[in-house]
Amino acid sequence: MNQYVKDVNTADFQQAVIQQSRTVPVLVDFWAPWCGPCRMLSPTLERLAQEYNGRFILAKINSDNNPQLSAQYQVRGIPAVKAFVNGRVVDEFVGAQPEPVVRQFLQRVLAQAPAAASSSPRPQTQKAAPKDPAARLRQAEEYLRQGNGCGAQRLLNNFPAAPQQNKAKKLLPLAIFLCDGNQGRLSGTEAQAANALQRRDYSAALYQLLTSTNQENNARARSVIYSIFALLGDNDPLVQAYRQQMTV
């Protein structure tokens, strides 16, 4: 758990959420260990908290252990995310929303941020690009597995002439696709596929993309499928299964 994510309970809620939200927005994530959708949403929220580098705090509240807070804030379904600014709830959503939706939610919340938060550093989405091509490719692959398409695209664009250049070209369509998903520019089946990639559910992503190619003769979806193959490697069972379907 990073420095911008904290577990909060009834005892410290006033200080950790109400008071804290007077200086920086606080996103309260009501969750429970048995909740499958909570486990889908949580990695997205935690990754964004790190990416936004202190522009908001993520407070995680186990609703089973803190029923008073759940009742006080009328939590009727989980995951439930409530954004606090200046001590009050200014926006909220329920359910495991895809990352583009969460990013749009964040933009609305941050627009209402206290002055102290608005001068905080901008999101730190990338590290400095390594000069060594092999290290550069490894970092790009790491970003892709994390769902950070824009970071991967920055590393794969204008990749230097090196033995790794061919694989970098193969991975670039996936990076562009994920970056479009990060920025909320996808819809329909493509948005569902990008959301699955964010969860590292490559089986669901490949299924959605293959459906898109079958229904719409979607050349972009086809290029992303082959890009996923390059990321996972030829020995991956998913790659072997879907490669056969691509040749049918």
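Bear in mind that the values in this text are calculations on the coordinates, not laboratory data. In this text, all values refer to a predicted model and were calculated from it rather than measured experimentally. Note that each Cβ is placed from the backbone with ideal geometry, even for glycine, and that neighbours are counted across all protein chains shown.
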Folded to 0 to 90 degrees: helix 165-182 orientation relative to the chain principal axis, Cα = 30
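So what's the net charge close to Ala230: Lys and Arg +1, Asp and Glu -1, counting the other residues with Cβ under 15 Å from its Cβ? Walk me through the intermediate numbers first.
On the way: positive: Arg138, Arg145, Lys167, Lys169, Lys170, Arg222, Arg243; negative: Glu141, Glu142, Asp234, Asp236.
Spelling it out: positives minus negatives among the neighbours equals +3.
Per 0.36 nm of contour for each residue apart, how much would the distance between Ser203 and Gln245 grow if the chain were fully extended, relative to their Cα-Cα spacing? Could the numbers behind the result be given before it?
Working: separation 42, 0.36 × 42 = 15.12 nm, distance 1.31 nm.
13.8 nm is the gain from fully extending Ser203 to Gln245.
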Note the angle between two axes, namely the Cα long axis of helix 237-246 and the longest principal axis of the Cα atoms of the chain, as a number of degrees from 0 to 90, rounded to the nearest 10.
-> 60
Using 16 Å as the cut-off for backbone N distance, which residues of the range 69-83 belong to the label zone defined by a point 7 Å from the Cα of Asn9 along Cα→Cβ?
-> 69-70
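Which of the trypsin sites (Lys or Arg not before Pro) found in the range 1-92 are loop residues per DSSP with 14 or fewer other Cβ atoms within 10 Å of their Cβ? Walk me through the numbers before you get to the answer.
Values: sites: Lys6, Arg22, Arg39, Arg47, Arg55, Lys60, Arg76, Lys82, Arg88; in loops: Arg55, Arg76.
Sites meeting the loop and neighbour criteria: Arg76.
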Mind checking which lysines have their C-alpha under 23 Å from Lys82, skipping anything on the same chain fewer than 8 residues away?
-> Lys6, Lys60
Centroid-to-centroid separation of the range 132-164 and the range 3-37 [C-alpha atoms, Å] = 34
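How charged is the neighbourhood of Pro33? Take every other residue with its Cβ under 10 Å from the Cβ of Pro33, and add Lys/Arg as +1 and Asp/Glu as -1. Could you put the intermediate results ahead of the total?
Values: positive: Arg39; negative: Asp64.
So the environment of Pro33 carries a net charge of 0.
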In degrees, nearest ten, helix 99-110 long axis to first principal axis of the chain (Cα) = 40
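List the chymotrypsin sites (Phe, Trp or Tyr not before Pro) within the range 1-92 that DSSP assigns to loop and that have no more than 11 neighbouring Cβ atoms inside 10 Å.
Values: sites: Tyr4, Phe13, Phe30, Trp31, Trp34, Tyr52, Phe56, Tyr73, Phe84; in loops: Tyr4, Trp34, Tyr52, Phe56, Tyr73.
Sparse-neighbourhood loop chymotrypsin sites (Phe, Trp or Tyr not before Pro): Trp34.
Fully extended, how many nm does the chain gain between Gln104 and Arg39 (0.36 nm per residue separation, minus their Cα-Cα distance)?
Values: separation 65, 0.36 × 65 = 23.40 nm, distance 2.05 nm.
Here the segment from Gln104 to Arg39 would lengthen by 21.4 nm.
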